[in-house]
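Below is one structure; the comments refer to it alone.
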Amino acid sequence: MLEELTLERFLSHRSAFSLVIDVRSPHEYLESHLPGALNLPVLSDLEHERVGTLYKESPFEARILGASLICANIASALSWLKDSLHPSQKVLIYCARGGQRSLSLALILSSIGYQIARLIGGYKGYRAHVAASWQAPRKESFLTLVGPTGGGKSELIQSLSWSLDIEGLARHKGSSFGAIEGEQPSTKMFQNLLFERLLELSEEPLIAVEGESKRLGNLILPSPLYERYKSAPKVFIDSPLEARIDRTMQEYASISPAFFEGAMQKIARYMNKEAHKAASLAFWQGDLRRCAELLLVEYYDKVYKMEPYEYTILHTSKESTLKELERIKGEILSSVRE
């Protein structure tokens, strides 16, 4: 059976779908897509371009060409689905606008016996919804973790089930050395990931987040989200310098000499010349501990702007700090109820 599904209904029943299939071309998919969707293109990048070019001259001939190409590609998709998907599992299929590409695969799969739903409005409808959500004021309540670099905020965020890991979604640490995660997602994909994670956390009365700056590498946070967590209650995560050095060494142990040099050039004007030279020398001599210490003390701690905060935790044990964050969460929620 083929079901035509609105975006609102899909978002509220997403857990019912075992698989979400994006049938757009690989290029379209790589730029951005529904998080978690699998790309089974019914037209390759070149085929999609051919059909689009022909459509401007002759829509009818373009449909014939598109149909012939789609039929051949669907055969390959069926081979994969046969071994990977049970007919009892529900599947959502979408294309760019909810048109012929998604309909082609949806009709065939539903006629075979798969439980298929097709997203009305396609990906463009989804993107319009996501973009609009970032224009409106956010309603979530946050608990923002602040504190010096290397203090362990990221590991705490990653350990909490009620957290939004902005750095993880952006694939960037938010500093001059922050690009160690590799290529970042596109702006559209980043917005999609943020949107979906907040949707997952929609029942949480309080969401933990790290007090990121508005820019993380090539990405800029949506203003309503940034403003919301910047004005939220803050917890200062304090940590001994030795522990901060250990974390910094662990996080950046695999950076290449070229990466290090590029990052050092970016921070040169913000750092004392002698300290900058000493940190570089320590790196090239293989003394990563000394390098990390100099960067933390002579750069990060000096450029870090202390924000007002309501709570302080001396972070010496992840387990004890997580318990304290849970206690603070309970305290905040109790005060709100009162």
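The values are calculated or read from the model by the stated rules, or taken from the named source; none is laboratory data. Keep in mind the model is a prediction, meaning the values are calculated, not measured. For neighbour counting, all protein chains shown are included, and Cβ atoms are generated from backbone atoms with ideal geometry for every residue, glycine included. These area figures cover heavy atoms from the full protein model, side chains too; ligands, DNA and RNA do not enter into them. Shrake-Rupley method; radii C 1.70, N 1.55, O 1.52, S 1.80 Å.
Structure summary
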read-out: Residues of region 289-334 classified as touching a strand residue (DSSP E or B) at 6+ places or on another chain (Cβ under 7 Å) and charged (D, E, K, R), total; value: 4
read-out: Residue that is farthest from the chain's Cα centre (by Cα) [pool: residues in region 154-196 that are more than 19 Å from residue 209 (Cα to Cα) and among the hydroxyl-bearing types (Ser, Thr, Tyr)]; value: 176
read-out: Criterion: within 27 Å of the chain's Cα centre (by Cα), within 18 Å of residue 1 (Cβ to Cβ), of a type in the set (A, V, I, L, M) and open to solvent by 30 Å² or more (accessible area, probe 1.4 Å) - qualifying residue of 120, 108, 112, 93; value: 120
read-out: Test: residue 280 is part of a helix (DSSP H, G or I) and out of contact with any helix residue (DSSP H, G or I) (no Cβ under 9 Å at 6 or more places or on another chain); value: no
read-out: Elements of type helices (runs of 4 or more DSSP H) contained in region 151-200, each with 1 or more residues being over 28 Å from residue 319 (Cα atoms), open to solvent by less than 40 Å² (accessible area, probe 1.4 Å) and not β-branched (Val, Ile, Thr); value: 187-200
read-out: Single residue of 28, 3, 47 found to be surrounded by 13 or more Cβ atoms within 10 Å (Cβ to Cβ), of a type in the set (Asp, Glu) and out of contact with any helix residue (DSSP H, G or I) (no Cβ under 8 Å at 6 or more places or on another chain); value: 3
read-out: Among (1) at pLDDT below 85; (2) closer than 29 Å to residue 11 by Cα; (3) in contact with a Gly (Cβ under 8 Å, 6 or more places away or on another chain) - the single one residue 51 does not satisfy; value: (2)
read-out: Residues within region 127-142 that are open to solvent by 30 Å² or more (accessible area, probe 1.4 Å), touching a residue at least 24 places away in the same chain (Cβ under 8 Å), assigned to a loop (DSSP other than H, G, I, E, B) and not small (Gly, Ala, Ser), tallied; value: 4
read-out: Within region 234-249, considering residues that are out of contact with any strand residue (DSSP E or B) (no Cβ under 6 Å at 6 or more places or on another chain) and within 22 Å of residue 209 (Cα to Cα), the one surrounded by the fewest Cβ atoms within 10 Å (Cβ to Cβ); value: 240
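Condition check ((1) among the hydroxyl-bearing types (Ser, Thr, Tyr); (2) over 22 Å from residue 133 (Cα atoms); (3) within 21 Å of the chain's Cα centre (by Cα)) across all residues:
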{"position": "3", "(1), (2), (3)": "no, yes, no"}
{"position": "11", "(1), (2), (3)": "no, no, yes"}
{"position": "27", "(1), (2), (3)": "no, yes, yes"}
{"position": "31", "(1), (2), (3)": "no, no, yes"}
{"position": "42", "(1), (2), (3)": "no, yes, no"}
{"position": "46", "(1), (2), (3)": "no, yes, no"}
{"position": "49", "(1), (2), (3)": "no, yes, no"}
{"position": "52", "(1), (2), (3)": "no, yes, no"}
{"position": "56", "(1), (2), (3)": "no, yes, no"}
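Here's the yes/no breakdown for (1) open to solvent by less than 90 Å² (accessible area, probe 1.4 Å); (2) farther than 20 Å from residue 148 by Cα; (3) free of Cβ contacts under 8 Å to residues at least 40 places away in the same chain; (4) not in a helix (DSSP H, G or I):
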| residue | (1), (2), (3), (4) |
| --- | --- |
| 213 | yes, no, yes, yes |
| 232 | yes, no, no, yes |
| 261 | yes, yes, yes, no |
| 286 | yes, yes, yes, yes |
| 290 | no, no, yes, no |
| 294 | yes, no, yes, no |
| 297 | yes, no, no, no |
| 316 | no, no, no, yes |
